[in-house]
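Beneath this line is the structure, given in structure tokens, with notes to follow.
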Amino acid sequence: MNYPVWELYFAGGGLLIATIAVVHVYVAHFAVGGGLFLVLTELKGYREDSQNILDYTKKHSKFFLLLTIVFGGITGVGIWLTISLLSPGATSTLIHTFVFGFATEWVCFMVEIVALFIYFYRFGKMDKKTHLTIGWLYFIFAWLSLFFINGIIDFMLTPGNWLKTNSFWDGFFNPTMWPALFFRTSLSLVLAGVFGFITAVFIKETMCRENMVRYCAKWLLFPFIFMILFAYWYVMAVPEAPRAMILGRSPEIVPFVKIFAWILPVMSIGALLMAIRIPGSVKKPMAFALLIIGLIYMFSFEYIREAGRRPFLIYGHTYSNSILVKNEEKINEKGLLKIAKWVEYRDITDENILDAGKEIFKIECMSCHSTGGPLNDIFPLTKKYSVFGMDAQLNGMGKIIEYMPKFMGTRKERLALARYIVEGLHGKKESPVRIEEKDLYTEIPAFNEEKDEYVLLAWSSMGMHSFTDSDPYWSLMPPGNNLYAQLIRRGETPEIVTEDVVISYAVEKGFEKPSKHVKFWEYAEHFFGKRLPPGIGLSGNGLKGEMKLNEKQMAFTADMVPVVPYSDDGSFNPYPLFTIEAIDKNNGKIFARTSVVAPTSTEMGCRNCHGGKWRVNGQAGLSRETSRDILAVHDRISKTNLLELAEKGQPVLCQSCHPDPAFGAKGKPELLNLSAAIHGFHANYLTNREDDACNTCHPSSPTGNTQFLRGIHMELGLDCTSCHWKMEDHALSLLKAEKKAGKKEADRLMKHLSPKSASTMNQINPRTPWFNEPDCMNCHVDFQEPETDESEFNLWTKGVEQLYRMRTDDVGIMCEACHGSTHAIYPTKNPYGKDRDNIIPLQYQSNPYPVGANKNCKVCHTIDMEEEVHHPNSLAMFRNTF
Amino acid sequence: MDPSSLIPSPDTIPVHWGWFQFFLILTFVLHLLFMNTMLGMGIIALVASVKSKLQDLQTAKEISGKLPYTIAFTVNTGVAPLLFIQVLYGNFIYTSSVLMAVYWLSIFVILLIAYYSAYIYSFKFDTLGSGRTFFIALAVIFMLVVGFFFSNNMTLMLTPDRWTRYFTNPGGTILNFFEPTLFPRFFHFVAASIAVGGLFLALVFKFKKKNSDYRREKIASGMRWFSYSTIAQILIGVWFLISLPRDIMVIFFGGNSFATILFLSGIVGTTLALVFGFQEKVWPCAITTLFTIIIMVLIRDLVRRAYLEPYFTVSTLKVVPQYSPLILFVVTLVIGLSLVGYMLKLALQNRREDEK
């Protein structure tokens, strides 16, 4: 931000530093251990009075000189140049903090060079003792170089108290300085053995060669044991957050940890094999193989250490993209483009939005992501996103997946970046979604107010049943609407009829065979342990049949009717109709007939962020691509292997792990319940939004293909957040209950969420999904007109019995019987035909208002009534006519 | 775009800026001595290899044995001033480095090739035959390239008004060709190198015990290299001087009395060195040359300050004092230098014993 960014394109994403650093570090460690190797081998030569060993030592010292002083020294400068080009800001911090540390290390390097030159050029030309003294001085100063650089390198991972004191010594003697020093020292000795093999296998004299190869094997093996112990100490000294990252939280580190662990036995076995008597022709390639294995080992170690400090360059001080932690708030407030020095566009306009987005990309992304290169290529990582999805991804970045920094900047800048990535880099063009207006014919069944003896009220208990048709991969919710009916015998004192009557239901034409449209029946047994005949739902109900009496509710119900929104004519229709008939059990005579929609939708907006197309008709359904991506993301973040299982024919039911009160599914009780997990996770990606946060996933968007909020509340301008509150609050209330239940994962999801409708987290009441829901009575206090359009946050129903869909009035008529389904409260306006949801009131009273509204008591009572026996205010005139 | 708005904010420094200034000058002088010797000897060896007469080959062989050390010490002593300049002028040099990132980063690769070429030249001198010219040419050309990149960066960091080129070329391939002092500055270093390289050879033979015609001839040859390149240097120096922006040039002509005194001392030093050079008085020449180099480094520093004066002065750097690490460095430096002296003494003592 302070410095210009070198546009590296293909070579970005750490390719340069990874390449240069690893070879340098490999040789630099050898330069330390190899020094001791030279002195002790020379001593061995004197002790054993072996000219062969001394010749070998001299030869090895030449190899050592050419490798360490030349290659090691110059690549060391190379690292320095590289970091100053890739992260000038962080390099500047390092240099200004540790200038005298670097300067001291420079002195050590100077002594090293002089010592090594004398050691090599005067080998055999000085008296033994003096020559050994020079050798010892070399080793001591080489180790001191390691000592000083090690402190500075570890500072970046664990700056410890330096963050508070800014003291050189606090930074240098940081929490991992000592374990890292011991680890690296042991490693350098191991490498002395590894490199020793390279020259030893070329010794001509057989005895001496075998002798020296065995000697090198000892060098490799003995320090090895210490190295493992020190590695453990090192890991344990790393503070909890980066340690968690190293030990698995960052999925990108995992393979390197595995390599690191696997190479240990490979190297020790290799060394043992070298020690036994096998032909030189085998040992030579083996020596080089060990050298390469050692390099891979070094690479994995350095990668783990580097990646462990993500999303920082200097932990807690400088982010990976060189933005200082202390500037984060200011950037979010004022905007990155306003504060950064090397930008051309200070203000974003419609014309420059892509260019401005590119400038943001350069500052925030380019230091870790290449464009089209072998490392951290941005293209495959962002391929799936639409602008909305990319924007949401940026919104949630660094929150759940903590190895990337959070996006820093204003909302407008975030969108500019999202557009640059999607439109600028990927060249995607998004055309606005066109919604087809539909006005399906809706027949209103007849009702004769004078003659008819019965009123049959029917409804679907949920205003929308959303289900997932991604069964070959996973299932979050099977198809299954709950149909309800209450039959009332009309009269001055009407009765709810529960005996001697059969209530039948049958879906409209074209929807009778759902198994033609979804694969639920192929997987039902796998998911639910029940073999279901095609078209039969989990409760044994099909698309037509008889309802069962629920005596407690004095209503007839058919639950889990597996209706799907796909018609045989190929269309998507989330509002199929059911014909409901009340039939005299004794003679088969029809008492009453009505019809009702069973709202059901597969317009789950997962694809907004997970990519893929709609499965059906460009309107709804989870495609293979979307379904796969969801599992892939779950696998990556939660360390599961769901995609692999699904591809083996074992798709997963979300509730098999995540408890879900909606089903009474116990899942794995230590995990977050499904609602808390899914809302908690996604809330991090959808902050500071209104109802569009809900509409992203649920089929509630007023411009979507389902538009399930279709009742009077929608007409009055309310939206999801009016009752359910904003995404953050909604998620936090769920997570808080889980946290209270001792589930640790809740903290991870809550960490970056802040309440919108309350000023502190403490003010948010925990709640259980499906039980503690918005209560109508919050606004309609005592059934009266609400005082405001907003319900009071935090007041939830106390249990299932208080839910609107379960409640009755004072005489046993269920609320929904007269007022309609949740989310479709009479009068409604259905996008697939204006009166599709108003059939019942239109049939019985020729207006779309709640049954009996406007003092229409005659519908059941046959006469006008004067007492409000159903509920207070039931005799008032309907307010919101349209 | 106002170039000053592009200049990154500097970081704080732990001790008074004067300390860094002192170490910068001190280590840069050391670096120049090694660098000049390395490059100068390289060029002389290259010329010798091309000429390929017996006499020349003797010189070339003498050089081949010394080139690897001088590269090692050039690099080592180069690290320190590069460190200290980053402390004082980090916000300028990091920026200019990014602007020319491709070239700047290539330095270490080029250097590595030059270094190994020098080693091959050194270790295989007798067996290489005509390959000798190839390896010494490779080493010298690459050294010159590295020097040219340094000249670019050292001038680009001083000219923020050219930094806006980044917006049309963010790929790190900007060189500072628009800078009038770029080439005179570069050749100024090259000519100085040839002079010092020649002088160093003369010194090497001066140290040889046996008094012979061969030794005398080598000393004379070294001093000729010194003298003629110094004459060329005077011309290049004038070119350099007049290519400086006028307001900077005038500080050496009375505009700033310290600068003027330094400049005059530099002229006196050069003149004396040249006189001693022609007289083949090796030691007086070496001492006056050392004096002149120190003066030139100080002048160079004044030029840098004058360039940056509209934007920045080092005295404005905020000090957040922490002196103990400085003490650590100074103590280590004293110990380190003493040990270097001690080891060299051991090596030389042993040599004498050997030769007995």
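Need the list of aspartates and glutamates near A:K736 for cross-linking: C-alpha distance under 20 angstrom, and skip anything on the same chain fewer than eight residues off. Those aspartates and glutamates meeting the cut-off are A:D660, A:E670, A:E728, A:E745, A:D747, A:E773, A:D775, A:E792. Would any residue of segment A:93-124 have its amide N under 14 Å from a label point 7 Å out along Cα→Cβ of B:L290? List them or say none. Nothing falls inside the zone, counting backbone N under 14 Å. Within the listed set B:S265, B:S315, B:S97, the residue fluctuating most in the Gaussian network model of chain B (springs between alpha-carbon atoms under 10 angstrom) is B:S315.
Look at where the Cα atoms of segment A:548-623 and of segment B:193-257 average out, and the two centres are 97 Å apart.
Per-residue extension of 0.36 nm, minus the Cα-Cα distance of A:R243 and A:M865, leaves a gain of 216.6 nm for this segment. Averaging the Cα positions of each part gives two centres, and for segment A:68-141 and segment B:80-111 these lie 19 Å apart.
Here r is the Cβ-Cβ distance between A:L440 and A:L795 and R0 is 41 Å; the resulting FRET efficiency, rounded to 0.05, is 0.60. Which of B:V340, B:V314, B:V140 moves most in a GNM of chain B, Cα contacts under 10 Å? Of B:V340, B:V314, B:V140, the Gaussian network model singles out B:V340 as fluctuating most.
Annotation note: trypsin sites (Lys or Arg not before Pro) in segment A:213-308 located in DSSP loop regions with a Cβ neighbour count of at most 10 within 10 Å are A:R277.
Looking at chain A, the DSSP beta bridges with both ends there are about 90 percent antiparallel.
Note on A:K509: lysines with a C-alpha under 27 Å away, same-chain residues under 8 apart excluded, are A:K438, A:K519, A:K544, A:K548, A:K585, A:K589, A:K829, A:K834. Per the Kirkwood formula applied to alpha carbons, segment B:171-289 shows a radius of gyration over Rh ratio, Rg over Rh, of 1.10.
Extents of segment A:803-858, taken as max minus min of Cα coordinates on every principal axis and listed largest first, are 33, 27, 13 Å.
From the alpha carbon centroid of segment A:454-472 to that of segment B:1-79 is 82 Å.
Inter-chain Cβ neighbour count for A:121-129, averaged per residue, equals 3 (cutoff 10 Å, partner chain atoms only). With neighbour counts taken as other beta-carbon atoms within 10 Å, the residues A:D391, A:D439 rank, fewest first, as A:D439, A:D391. Placing unit charges on the Cβ atoms of the charged side chains and taking the dipole of the protein assembly as shown about its Cα centre, the candidate lying farthest along the positive direction among B:G254, B:L158, A:N550 is B:G254. Across peptide B:334-341, the mean count of Cβ atoms from other chains lying within 10 Å of each residue's own Cβ comes to 5. Both radii were evaluated on the Cα set of segment A:321-425; the Rg over Rh quotient, with Rh as the Kirkwood radius, amounts to 0.93.
Positive-end ranking of A:I840, A:I637, B:F226 along the dipole of the protein assembly as shown, with charges on Cβ about the Cα centre, is headed by B:F226. The tail of the calculated P(r) for chain B beyond 37 Å holds 22 percent of all Cα-Cα pairs. Bridging of A:K58 to lysines at a Cα separation below 16 Å is possible for A:K44, A:K125, A:K128, A:K129, A:K204, once same-chain residues fewer than 8 apart are set aside.
Taken over segment A:691-787, the percentage of Cα pairs per 10 Å bin, counting from 0 up to the bin with the maximum distance, is 14, 39, 34, 13, 0. Normalised by 2.2 N^0.38 Å, where N counts its residues, the alpha-carbon radius of gyration of segment A:11-318 equals 1.02. Just to check, using Stokes-Einstein with a Kirkwood Rh over alpha carbon pairs, what's the diffusion coefficient of the protein assembly as shown at 25 °C and 0.890 mPa s in µm²/s? So the translational diffusion coefficient is about 68 µm²/s. Between A:K751 and A:L272, the simple spin-label model (points 7 angstrom out along Cα→Cβ) gives 4.1 nm. With a ≥ b ≥ c the root eigenvalues of the C-alpha gyration tensor of segment A:653-723, is it rounded (a/c under 1.5), prolate (a/b larger than b/c) or oblate? It comes out prolate by the Cα gyration axes. For segment A:571-617, the list of trypsin sites (Lys or Arg not before Pro) that fall in a loop by DSSP and count at most 16 other C-beta atoms within 10 angstrom reads A:K585, A:K589, A:K613.
Legend: mean number of C-beta atoms from other chains within 10 angstrom of residue C-beta atoms, peptide A:852-862, equals 0. Across segment A:613-740, the fraction of Cα-Cα pairs farther apart than 19 Å, rounded to a whole number, is 60%. With the alpha-carbon atoms of segment A:253-353 aligned to their principal axes, the span from lowest to highest coordinate is 73, 28, 19 Å, starting with the largest.
Overall dimensions of segment B:79-132, expressed as equivalent-ellipsoid semi-axes from the Cα gyration tensor (√(5λ), whole Å, largest first), are 35, 13, 5. Calculated [222 nm] ellipticity per residue, helices only, for the protein assembly as shown: -18000 deg cm²/dmol; basis is -39500 (n - 2.57) per DSSP H run with n ≥ 4, divided by all residues, nearest 500.
Among the trypsin sites (Lys or Arg not before Pro) within segment A:533-572, those in coil by DSSP and having at most 10 neighbouring Cβ atoms inside 10 Å are A:K552. Within the listed set B:T27, B:T173, B:T230, the Gaussian network model of chain B (springs between alpha-carbon atoms below 10 Å) gives the highest mean-square fluctuation for B:T173. Dipole magnitude for the protein assembly as shown: about 8280 debye, using +1 per Lys or Arg Cβ and -1 per Asp or Glu Cβ, origin at the Cα centre.
If you put +1 on each Lys and Arg Cβ and -1 on each Asp and Glu Cβ, how big is the dipole of segment A:321-425 around its Cα centre, in Debye rounded to 20?
The calculation lands at about 240 debye.
Farthest toward the positive end of the dipole of chain A, out of A:A693, A:I583, A:G73, is the Cα of A:G73, where the dipole comes from beta carbon charges about the Cα centre.
Values quoted throughout were computed directly from the atomic coordinates according to the rules given, and no laboratory measurement underlies them. Just so you know, these numbers come straight off a predicted model, no measurement behind them. For neighbour counting, all protein chains shown are included, and Cβ atoms are generated from backbone atoms with ideal geometry for every residue, glycine included.
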